[in-house]
Amino acid sequence: MSATELVFLLFAALAVGSALLSMTARQLVHSALWLVVTLGAVAGCFVLMTAEFVAWVQVLVYVGSVVVLVIFALMLTRQQSSVSAEVTGNRWTAAVIGLVAAVGLGATVVSGFGGERIEGRRIGTVKSIGEALFNDWVLPFEILSGVLLAALVGAIVISRSGTER
């Protein structure tokens, strides 16, 4: 096992551990802060896979925007700092279904990419992403932009119609 693989496993373990702590934290602010650690560890995994652009997008968009938005929303709503989670019978069912899904996804990834190695290939550079986007994925990219535009117009219409009533 190389040093890169060892560091990748450490980042992966950190991401999984902090994600579990994010889900089980009793206070919402602590949960959001554990989410920052999770997203940072995932960005570290992207850096080790030579996808620096994706790692920076991960840090800027998710850590820099989404988590900050969540923390501001928590601060501005003036909610109680702790959450009282009701213990129901669905908790164990959800845990079993989540475990089955995780094992299924893990088996799929291992069977699909088990022997693959990323040896010096630069897969996450801006140039390779741009070439793939504008050569291979032009039509899906344009369709996605139309769908996002329709969602934006729909959100504006829904928000405007609520104020006029």
What do you reckon, how do Glu5, Glu131 stack up by accessible area (1.4 Å probe), largest on top? Glu131, Glu5
Table column - 3J(HN,Hα) (Hz), the stretch 55-66, Karplus curve with 6.51, -1.76, 1.60, x for Gly and Pro: 5, 5, 5, 4, 5, 5, 7, 7, 5, x, 10, 5
Just reorder Trp137, Trp34 by solvent-accessible area, largest first, 1.4 Å probe, all chains present. Trp137, Trp34
How much accessible surface does Phe141 have with a 1.4 Å probe, in Å² rounded to 10? 90 Å²
Point-to-point label distance, Met75-Thr108, nm (Cα→Cβ direction, 7 Å offset): 3.9 nm
Report Val157's accessible area, 1.4 Å probe, all protein chains in place, as a number in Å² to the nearest 10. 90 Å²
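Take every Cα pair under 8 Å in the stretch 1-48 that's 6+ residues apart, average their separations, divide by the length, and report that relative contact order as a whole percent.
Relative CO of the stretch 1-48 lands at 45 percent.
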If each residue of separation counts as 0.36 nm, what is the full-extension length gain between Ala13 and Ser128 once their alpha-carbon separation is subtracted? 38.5 nm
In nanometres, what is the gap between the two model label sites at Leu149 and Val68, each 7 Å from Cα along Cα-to-Cβ? 2.9 nm
Could you provide, to the nearest whole Å², the per residue accessible area of the stretch 2-62 with probe 1.4 Å? 59 Å²
Report Leu152's accessible area, 1.4 Å probe, all protein chains in place, as a number in Å² to the nearest 10. 100 Å²
Accessible heavy-atom area order of Ile97, Ile71, Ile156, highest first, probe of 1.4 Å: Ile97, Ile156, Ile71
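The values are calculated or read from the model by the stated rules, or taken from the named source; none is laboratory data. Just so it is clear, the structure is predicted and the values come from calculations on it, not from any experiment. Note that each Cβ is placed from the backbone with ideal geometry, even for glycine, and that neighbours are counted across all protein chains shown. All accessible areas refer to the heavy atoms of the entire protein, side chains included, with ligands and DNA or RNA removed. Shrake-Rupley method; radii C 1.70, N 1.55, O 1.52, S 1.80 Å.
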